[in-house]
Amino acid sequence: MTIKDAVFEVLNNANKPLGVKDIYLRIIEEQLYNFKSDNPEHIVRTMLRRQSENINFPSSRKKRYFTFLTDGTFWFKDKPSALQQKAKLVSKESLPYDEIIDLQKKYNSIFKKSILNQLSNIEPEDFEEFCRQLLVVYGFKNVRVTRKTKDGGIDGYGELKIGIATMPVAFECKRWLQTVGRPKVSQFRGDIQGKYQQGIFFTTSKFSNEAKDVSLQVGAVPVILIDGSGIVDLMMSKEFGVEKIELPIYSNALDLILQKE
């Protein structure tokens, strides 16, 4: 029996809405579930909150079984009771949480495409400098862009400190529209073999499956592949070249206040 099953059993037997503490105590009394936690009541509360139709937050479950009443109790979502008829439920329609999340995903998708489109249209030298700065933001030291006549097949190099050691790293930048294939990755590895301990290959496009297969091979210098989508993800995670606008979204947590003692 799962915790959800145990809660179902308790509410069915009680035939009325109950608070978290009452539900928890009845689970223990009826020996419906063996908790292995220092705070089992919190486990019950978390499960109820995640699976209640009118309590929304990021870790809520898609399928909801319960509903939260204004008196601090929980009841079945699709099973009306006398008390539920009298209690005024928090309106699900007035809180379009799922619509907001979907809209945010759509906005982020369009935003990432616009950023990538802009990067795809800058000059190759500017893209190399952009990648250099991105590596600096991620903690690389002494990052340099090489001169075209003496690049030795690479666009830049730097150092990555790992513990007390420093790893020499080279990077390649392709402001391309076409997919980067295996030959380019293999050529880059050949150019840095014996000189650098790691390679990073940036592209505004994508990598072929064959290129991905050869990027990490036993006995060879590892080549980290970062495609256009990955570049924008790195920018967003470090807020590099982008600004984050905070739009606070509040979720119902009255059940934490109105819990029955």
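The values are calculated or read from the model by the stated rules, or taken from the named source; none is laboratory data. All figures in this text were calculated on a predicted structure; none of them were measured in a lab. Positions of Cβ are generated from backbone atoms using ideal geometry, with glycine treated the same way; all protein chains shown enter the neighbour counts.
The table that follows gives values for the structure above.
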quantity	calculated
Residue match in region 226-245 (condition: part of a strand (DSSP E or B), touching a strand residue (DSSP E or B) at 6+ places or on another chain (Cβ under 9 Å) and not assigned by TED's automatic domain parsing to the domain that holds Pro17)	yes
Whichever residue in region 70-120 is aliphatic (A, V, I, L, M), outside any loop (DSSP other than H, G, I, E, B) and farther than 30 Å from Met235 by Cα and, among such residues, is modelled with the highest pLDDT	Ala82
Qualifying residues in region 1-43 (those that are of a type in the set (Phe, Trp, Tyr) and assigned to a helix (DSSP H, G or I)) - the one surrounded by the most Cβ atoms within 10 Å (Cβ to Cβ)	Tyr24
Filter result for the condition that a residue is in a strand (DSSP E or B), in the same structural domain as Leu18 (by TED's automatic domain parsing) and at pLDDT 75 or above, over Thr46, Thr67	Thr67
Among (1) at pLDDT 90 or above; (2) touching a Ser or Thr at 6+ places or on another chain (Cβ under 7 Å); (3) not charged (D, E, K, R) - the single one Ile23 does not satisfy	(2)
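This table checks each residue for (1) of a type in the set (A, V, I, L, M); (2) over 30 Å from Glu99 (Cβ atoms); (3) surrounded by 16 or more Cβ atoms within 10 Å (Cβ to Cβ).
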site: Tyr157; (1), (2), (3): no, yes, yes
site: Ala165; (1), (2), (3): yes, yes, no
site: Pro168; (1), (2), (3): no, yes, no
site: Gly181; (1), (2), (3): no, yes, no
site: Gly190; (1), (2), (3): no, yes, no
site: Lys195; (1), (2), (3): no, yes, no
site: Lys238; (1), (2), (3): no, no, no
site: Lys244; (1), (2), (3): no, no, no
